[in-house]
1. For B:Gly39, which sequence-distant residues (separation of 5 or more, or a different chain) have an amide H within less than 5 Å of its own amide H, given hydrogens modelled in the peptide plane?
2. Starting with the highest mean, order B:46-52, A:87-93 by the number of other Cβ atoms within 10 Å, averaged over the residues of each peptide.
3. Which order do B:Ile75, A:Ile97, A:Ile7 fall in if you start with the one that has the fewest other Cβ atoms within 10 Å?
4. Considering every residue in A:68-77, what mean count of other chain Cβ atoms within 10 Å of its Cβ is obtained?
5. Fewest to most neighbouring Cβ within 10 Å: what's the order for B:Ser3, A:Ser94?
6. Over chain B, what is the mean sequence separation of C-alpha contacts under 8 Å (at least six apart), divided by residue count, expressed as relative contact order in percent?
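Only the coordinates and a few stated rules stand behind these numbers; no lab work does. Just so it is clear, the structure is predicted and the values come from calculations on it, not from any experiment. Here Cβ is always computed from backbone atoms with ideal geometry, including for glycine, and neighbour counts include all displayed protein chains.
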Amino acid sequence: MHVLDEIDAAVRHHSARRRQLALAQAELAERRFTDEVPDVVRVTVNGAGELLDIELAPGCLDADRRPHLLGDRITAAVAAARRKAAGAAREALSELIGERGAAWITGGDAEPEPPPRGRRSAPEDQGTDEYFEDKDSSGFLEEQPWRP
Amino acid sequence: MASLTELENLVAERTREFRALKQRAAEQKVVGEPVAGAGLVQVDTAGRLVGVEFDLRKVRSLDERRLGRLLVDAIRAAETKAAAVRDVLLGETP
């Protein structure tokens, strides 16, 4: 085979692979992945990990539903939905471009568990925090029994 | 004496290490975006949502459906900003 024919074949092969990859990515973008904390939040992302919807359950901000934990629950649900999407994307793309290439495109394990933040990150505060969470959930902080 | 190929490999390896270091440094930065005055979402420059904070007194004035939509908008806006910050930190702006 002439060297120009070889180059031409390689270019055509590369173009075909790029089209297959673009098609696989388009198909992934149409897929939906969800994660939820029952009765609190349901998060939907597409196969590219793009956030599409956050559905909050009615009453999730009520005092007896621990609304102060809502932010952490949303963060965790978004991370979990994106992990599912990344796993599916890695699986789909690795058939085309190998596991290393797929891990590179999907960011590998780039969506780890969110780190502990805020007051709960201080171990010495955990006892106090849990104490007040329990008091809050039982309505103690809302009742103010000392008031007439 | 090292061959040219060995030197090229060494340079490529050091370049990769340097980029990985810059990437890790960039991921430490966090971008915040307000949620209609009732909260704040935080995204790191790798695009990860790292936190959602609410002002519980103000957030109760919003119904859950509207709050969900506002959160999605705020997270997307923070991700866009975070991507711009990442590009600057990694020196990838034109």
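1. For B:Gly39, the qualifying residues are B:Asp55.
2. B:46-52, A:87-93
3. Values: B:Ile75 22, A:Ile97 16, A:Ile7 10.
Least crowded to most crowded, the residues run A:Ile7, A:Ile97, B:Ile75.
4. If you average over the peptide's residues, the count of other-chain Cβ atoms is 5.
5. Numbers: B:Ser3 8, A:Ser94 16.
So the residues, fewest neighbours to most, are B:Ser3, A:Ser94.
6. 28
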